[in-house]
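First up is the structure itself, then whatever we jot down about it.
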Amino acid sequence: MTVAIGVVMTEHLVAGRLKDHKLVDKPVRFPADSCELDALIAVPGSELVEMLAAQITDLANNGEPVHAIGVAVPGIVRHGIVEDSPNLVQLKGMHMAEDLGALLEKRGIKAPVHIANDADAIAAGVAATRGQLDRLTRVWTIGNGIGYGRWPYVEGVWEGGHITVTLDPKERFCGCGGQGHLEGIMGYRAMRLRFLDKEPEEVFAAAKQGDRECREFVTLWHRALAAATASFIHLAGPGRFYYTGHNVGFLDLGTLRECLEPMVRLSPLQSYSLEVLEPNDETALLGAGVSALRALTW
């Protein structure tokens, strides 16, 4: 029997205990209110690591040995270091695996710590729940930022949310400061900057009611996601793409297909499929734990 602890840090912190790739007991969450989306933005990085250690300690102290601890965070993550994280900027440069491992060791927990990108963790969780850990799984996460997750893991940056989807120099809303990025169109923060008089939910609602400006933006939103998806089809081939995240409700799958079809015309690449997944913490937790266990054999 393998035991792992999975932790996910996005707009909130959530941690759960896994046995043989299945979540057991109820996950612990901060903040408790699921509608509170900005609770972590102002928390210093060192305090976030302390919070992670506290959650993990609560789950680990039941007498059973823990084989691995997996933590999923947004941004560029390599070799246990968060090299950049535009949506949680206080994490940039943190040696999170080392720092968290040291804190846990002081609390008597010596399991290896593996840090993964949050979207990669969701991709791993999707593959695990479907019994497809041997197949290519790709996931777009739609939230404050836009994440691109891939399983099985391969070395690389894979910051799909920052792929360039337009050459318009006026498109400067991405949190990283880059021009023409997918996240600069689709990201929640970017949409709030673009429509200073409307919340993103109001923009999509107004589009359904016929507002011309909002309808044009909603079309742009879907075309941007189609362009990014088409780029990865042309790079890695067709297959199944999953769409999830806090704001996946903005997505209309029929509109996305209509936008994507004229972008992928090579016949060997047209066997792709698109699926929306309702967001849930369990999938990401499972993926974080699975990634940590697999990392033991790398």
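The values are calculated or read from the model by the stated rules, or taken from the named source; none is laboratory data. In this text the structure is predicted, and so the values were computed from the model without any measurement. Cβ placement follows ideal geometry from the backbone for every residue including glycine, while neighbour counts extend to all protein chains displayed. For the accessible areas, the whole protein counts, side chains as well, though only heavy atoms, and no ligand, DNA or RNA atoms are used. Shrake-Rupley method; radii C 1.70, N 1.55, O 1.52, S 1.80 Å.
Mind listing whichever residues of the stretch 142-172 are touching a residue at least 24 places away in the same chain (Cβ under 8 Å), of a type in the set (Ser, Thr, Tyr) and more than 19 Å from residue 248 (Cβ to Cβ)?
153, 166
Which one of the conditions (1) surrounded by fewer than 23 Cβ atoms within 10 Å (Cβ to Cβ); (2) in contact with a Gly (Cβ under 8 Å, 6 or more places away or on another chain); (3) of a type in the set (A, V, I, L, M, F, W, C); (4) under 21 Å from residue 145 (Cβ atoms) does residue 82 fail to meet, given that it meets all the rest?
Against the list (1) surrounded by fewer than 23 Cβ atoms within 10 Å (Cβ to Cβ); (2) in contact with a Gly (Cβ under 8 Å, 6 or more places away or on another chain); (3) of a type in the set (A, V, I, L, M, F, W, C); (4) under 21 Å from residue 145 (Cβ atoms), residue 82 comes up short only on (1).
Name every residue in the stretch 243-287 that is touching a Leu at 6+ places or on another chain (Cβ under 9 Å), aliphatic (A, V, I, L, M) and closer than 30 Å to residue 24 by Cβ, in order of residue number.
248, 276, 285, 286 - these are the residues of the stretch 243-287 that are touching a Leu at 6+ places or on another chain (Cβ under 9 Å), aliphatic (A, V, I, L, M) and closer than 30 Å to residue 24 by Cβ.
Please determine whether any residue of the stretch 160-181 is of a type in the set (Phe, Trp, Tyr) and open to solvent by 40 Å² or more (accessible area, probe 1.4 Å).
Yes - at least one qualifying residue is present in the stretch 160-181.
Being at positive phi and either open to solvent by 30 Å² or more (accessible area, probe 1.4 Å) or modelled with pLDDT under 85 (or both) is true for just one of 20, 58. Which residue is that?
20 is the lone residue from the list that is at positive phi and either open to solvent by 30 Å² or more (accessible area, probe 1.4 Å) or modelled with pLDDT under 85 (or both).
For residue 23, work out the one condition from (1) aliphatic (A, V, I, L, M); (2) closer than 16 Å to residue 99 by Cβ; (3) in contact (Cβ under 8 Å) with a residue 40 or more places away in the chain it doesn't fulfil.
The number of the failed condition is (2).
Just for the stretch 92-124: of the residues that are part of a helix (DSSP H, G or I) and without any contact (Cβ under 8 Å) to a residue 12 or more places away in the chain, which one is most open to solvent (accessible area, probe 1.4 Å)?
Looking at residues that are part of a helix (DSSP H, G or I) and without any contact (Cβ under 8 Å) to a residue 12 or more places away in the chain, I get 106.
Would you be able to tell me the number of residues in the stretch 62-78 that are closer than 12 Å to residue 19 by Cα and outside any strand (DSSP E or B)?
4
Could you list, in sequence order, the residues of the stretch 23-55 that are surrounded by fewer than 14 Cβ atoms within 10 Å (Cβ to Cβ), of a type in the set (Val, Ile, Thr) and modelled with pLDDT of 85 or more?
The one that is surrounded by fewer than 14 Cβ atoms within 10 Å (Cβ to Cβ), of a type in the set (Val, Ile, Thr) and modelled with pLDDT of 85 or more: 24.
Six or more apart or on different chains, Cβ under 7 Å: which pairs go from a residue in the stretch 225-250 that's without any contact (Cβ under 8 Å) to a residue 60 or more places away in the chain to one that's buried (at least 18 other Cβ atoms within 10 Å of the Cβ) and in a helix (DSSP H, G or I)? Could you list them?
226/256; 226/259; 226/260; 230/260
Looking at this structure, is residue 175 free of Cβ contacts under 8 Å to residues at least 40 places away in the same chain and touching a Lys or Arg at 6+ places or on another chain (Cβ under 9 Å)?
no
Looking at the stretch 237-269, which of the residues that are open to solvent by 60 Å² or more (accessible area, probe 1.4 Å) and modelled with pLDDT under 95 is farthest from residue 142 (Cα to Cα)?
Ranking the candidates gives 240 first.
Those residues that are out of contact with any helix residue (DSSP H, G or I) (no Cβ under 6 Å at 6 or more places or on another chain) and either in contact (Cβ under 8 Å) with a residue 12 or more places away in the chain or closer than 13 Å to residue 251 by Cα (or both), I need them from the stretch 209-219; list them, please.
Hits for the stretch 209-219 are 217, 219.
Is it the case, given these coordinates, that residue 68 is under 20 Å from the mean Cα position of the chain (by Cα) and open to solvent by less than 40 Å² (accessible area, probe 1.4 Å)?
When the stated conditions are applied, residue 68 does not pass them.
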